[in-house]
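Here the structure comes first, spelled out in structure tokens, and everything after it is commentary.
Quick note: the coordinates plus some simple rules give every number you see, no bench work behind them. As the structure is a prediction and not an experimental result, all values here were calculated from the model. Quick reminder, even Gly has a Cβ in these numbers, built from the backbone with ideal geometry, and neighbours come from all protein chains shown.
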């Protein structure tokens, strides 16, 4: 029981630390933040990549849950706009994890199918919004994807500038998509 608790606790601490501080945070610092010894960290996660993969698994699961909730939302505009807003929130809050997931980190490869599934679900949301007349008729999933890519690119800004710029871009994107 303690071993499983320690593992879950380490993943929770690592996820928050990586999201906030980036993936270069030393394993010793994660152990310190978790209140555990470094040996306990390595017993559960022999490599940094193992720990990053575990943190990413929780991150991807949360994204999956968000998309499922959006697909269950009866209002097509609320479903699509909420998905875009939640994506922006994650870009602001989970900088280091997004860097790993969408970058070249070795742990990201395990989530390629999840990213493809998320893309298919986004396409369903866009198609549904277009069919309901909630977005302009010419809006495509590629347009929405380009907007999400632009939102993600703002994370290169300093954190204090990234959040306000992100929300301004979200507002502009939603205004441009809206029918």
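Some observations on this one:
- Taking the square roots of five times each eigenvalue of the Cα gyration tensor of region 21-107, the equivalent ellipsoid has semi-axes of 32, 12, 11 Å, listed largest first.
- Relative to the longest principal axis of the Cα atoms of the chain, helix 48-72 runs at roughly 30 degrees.
- In the chain, the longest principal axis of the Cα atoms and the axis of helix 2-21 are about 60 degrees apart.
- Volume in Å³ per residue [convex hull over Cα atoms, computed for the chain]: 113 Å³
- Here the contact order of region 2-177, divided by its residue count and restricted to Cα pairs under 8 Å and six or more residues apart, works out to 23 percent.
- Cα shape, region 106-172, gyration tensor, a/c 1.5 rule: oblate
- Alpha-carbon centroid distance for the pair region 1-34 / region 121-179, whole angstrom: 32 Å
- Each pair of Cα atoms in region 77-129 enters the Kirkwood radius, and Stokes-Einstein at 10 °C and 1.306 mPa s then converts it into a translational diffusion coefficient of 131 µm²/s.
- Packing, taken as the mean count of other beta carbons within 10 Å per residue, orders the peptides 81-87, 56-62 from highest to lowest as 81-87, 56-62.
- Degrees, to the nearest 10: 141-153 long Cα axis against longest axis of the chain: 40 degrees
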